[in-house]
Amino acid sequence: MIFLEIPWNVNPIITKLGGFELRWYGLLFASGFLIGYQIMAHIFKKEHKPEKDLDALLFVMIIATVIGARFGHYFFYEFDSFKQDPGKFLIDMIVPPYTGLASHGAAIGILTAMFIYGRKHKDQPFLWVTDRVVITVALGGAFIRLGNLMNHEILGKPSNLPWAFRFNTFTMNADGSLKMTPEAFTRHPAQLYEAISCFILCGLLFYLWNRFKEKTPHGLLLGIFLIWVFTLRFFYEFLKENQEQFEDAMTYNMGQILSIPAVLLGIGILVYAFTKGKKDAEYYSTHKFETGKA
């Protein structure tokens, strides 16, 4: 095998405006919501749902993603810090910059928020809205992993594969700028693996929705999403460095352990989709509801 390396010298900071830093991670994170909003607007238009509900849905999604991901990070990865100072945790959870986001926590937050949203919009029940939202979540997941790539974080294990990346470590110069020092070895671009997987998943989910639209069996897209994302997450973790030191003593790290129930939940939802989900879709596509009401 011919060994080549890809030097990854991207500066995570795009530009500075006074004390404000515009970072690739933040730009990509925001872009996921903005593009996702346009996708949902297209879906709502095609399925004749009230577009005025989109603003509420976007607001709920942003809050659920941030709080769920932050809470998940502290609860699953820094629980000792949470116990020692719950007040500081609550402030850090909602105030940027966010130094840790857990995808499993984000998934719990989004599912909870969609359940609440669905209760208040009878024409958009939980599985209907979640099936559509996961299309945008897959896209957002791809953007977040690209943001991790730009930040030189969530690193893969050392590798001599032809597409291995040489990342950098960072130190602060006296003028406040970042000094990038190339690592002595190359690594799996694990962030890129996950980003590509999420882009493919987004395309697959959108294709399935576009084929069936309002007749999409309830739970079909959510089940596929959970099984796809968290099965791959389980195996990708073997190619990634552990995020926290306590994981070094574990056979399977925290990300893998949390992925198992997510996959099982996805299987259960997919079974529901193939047994009852089609009838649910037919019912909600043929009955009229007073929109925006509980």
Quiz prompt | Filter result (open to solvent by 80 Å² or more (accessible area, probe 1.4 Å) and either closer than 15 Å to ASN151 by Cβ or not in a loop (DSSP other than H, G, I, E, B) (or both)) within the range 165-177 | solution = MET172
Practice problem: Taking only the range 178-214 into account, find how many residues are hydroxyl-bearing (Ser, Thr, Tyr), without any contact (Cβ under 8 Å) to a residue 12 or more places away in the chain and either closer than 19 Å to ARG145 by Cβ or in contact with a strand residue (DSSP E or B) (Cβ under 7 Å, 6 or more places away or on another chain) (or both). | Solution: 0
Self-check item: Conditions (1) in a helix (DSSP H, G or I); (2) out of contact with any helix residue (DSSP H, G or I) (no Cβ under 6 Å at 6 or more places or on another chain); (3) farther than 30 Å from PHE75 by Cα; number of the one not met by LYS288
Solution: (1)
Quiz item: If only one of GLY100, GLY87 is modelled with pLDDT under 90, surrounded by fewer than 19 Cβ atoms within 10 Å (Cβ to Cβ), small (Gly, Ala, Ser) and over 28 Å from ILE257 (Cβ atoms), which one is it?
Solution: GLY87
Quiz item: How many residues does the range 236-266 contain that are out of contact with any strand residue (DSSP E or B) (no Cβ under 6 Å at 6 or more places or on another chain), surrounded by 14 or more Cβ atoms within 10 Å (Cβ to Cβ) and in a helix (DSSP H, G or I)?
Solution: 14
Quiz prompt | Output for the range 19-73, where each listed residue is in contact with a strand residue (DSSP E or B) (Cβ under 6 Å, 6 or more places away or on another chain) and surrounded by fewer than 17 Cβ atoms within 10 Å (Cβ to Cβ) | solution = GLU21, LEU22
Self-check item: Failed item, numbered, when PHE206 is tested on (1) within 30 Å of THR130 (Cα to Cα); (2) outside any helix (DSSP H, G or I)
Solution: (2)
Practice problem: For the range 192-228, enumerate the residues that are open to solvent by 20 Å² or more (accessible area, probe 1.4 Å), under 15 Å from LYS46 (Cβ atoms) and not acidic (Asp, Glu). | Solution: PHE206, TYR207, LEU208, ASN210, ARG211, PHE212, LYS213, LYS215
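The values are calculated or read from the model by the stated rules, or taken from the named source; none is laboratory data. What you see is a predicted model, and the numbers here were worked out from it, not measured in a lab. So basically every Cβ, Gly included, is an ideal-geometry build from the backbone, and we count neighbours across all protein chains shown. With ligands, DNA and RNA removed, areas are computed over all heavy atoms of the protein, side chains included. Shrake-Rupley method; radii C 1.70, N 1.55, O 1.52, S 1.80 Å.
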